[in-house]
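Okay, so here's the structure we're looking at.
A short reminder: the numbers here are calculations on the coordinates, not readings from a lab. Fair warning: this is a prediction, and the values are worked out from it, not measured in the lab. Cβ sites come from the backbone with ideal geometry, for glycine too, and all protein chains shown count toward neighbours.
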């Protein structure tokens, strides 16, 4: 697998879209968290102790791992979109056929693409870890690993998005069409999730029945539901009418979805016509 990854690296290292989107993702991670950090500091400086919210620091070491993972989760579309382009380009330029003619098996070809998705997720997670660490130090608070599990949840969300991207690329094969389907699916699922979340709130208010946020049980939203903004006075007030976040239910469901995406992608490529 190491040799196959080296070959994959030779394919993409000079690819302009890879270079530009990778740099943009790095800048976006830092910029997104810096905006949250600056807004919170400005509010604290302007309002002082006027409200209890100002005693909350999203980037103290008690919160930085969760805040950074949550904020960065919104830009995971970039590496996923890049994977759509990389995989569909293989179909566009017929290089997937050439690789197999040259001796690469179908299993090896799709395995290295999935491994590339894993590498992207690992690199993104390391970037989140370093960013969280830097902002934690900038907050002037004592080092703590409280909430470090959210970095793991971020990794799960990253690999989920990446595998969905590869699955759609393998199913659709054309770059423009696959990109459109990816965004349509994302938007459609988010819309349905919001409707289900509103239903969850209504069920809790009307019947006292708390099934959690029903939208979090959908494929992409299962990974999303593992990441939330740290608890603060505002979210604590909202807990009275918002559904409970059942992490114990969402986590295994997210893992099951991940297994489904992995299996479906492999079977589709291995058995489909080239």
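Some notes on this structure:
- What separates the Cα centres of the range 114-175 and the range 199-219 is a distance of 28 Å.
- Among 173-183, 201-211, the order from most to least packed when residues are scored by Cβ within 10 Å on average: 173-183, 201-211
- Using alpha carbons only, the radius of gyration of the range 167-228 set against its Kirkwood radius gives Rg/Rh = 1.15.
- Nearest 10 degrees, 0 to 90: helix 77-92 Cα axis against the chain principal axis: 10
- Between helix 16-47 and the chain: long-axis angle, C-alpha atoms, 0 to 90°, nearest 10: 0
- Ordering of 6-16, 109-119 by burial proxy (mean other Cβ atoms within 10 Å per residue, highest first): 109-119, 6-16
- Considering only the Cα atoms of the range 137-177, their convex hull presents on average a projected area of 4.5 nm².
- Using alpha-carbon coordinates, inclination of helix 2-12 to the longest axis of the chain, degrees: 90
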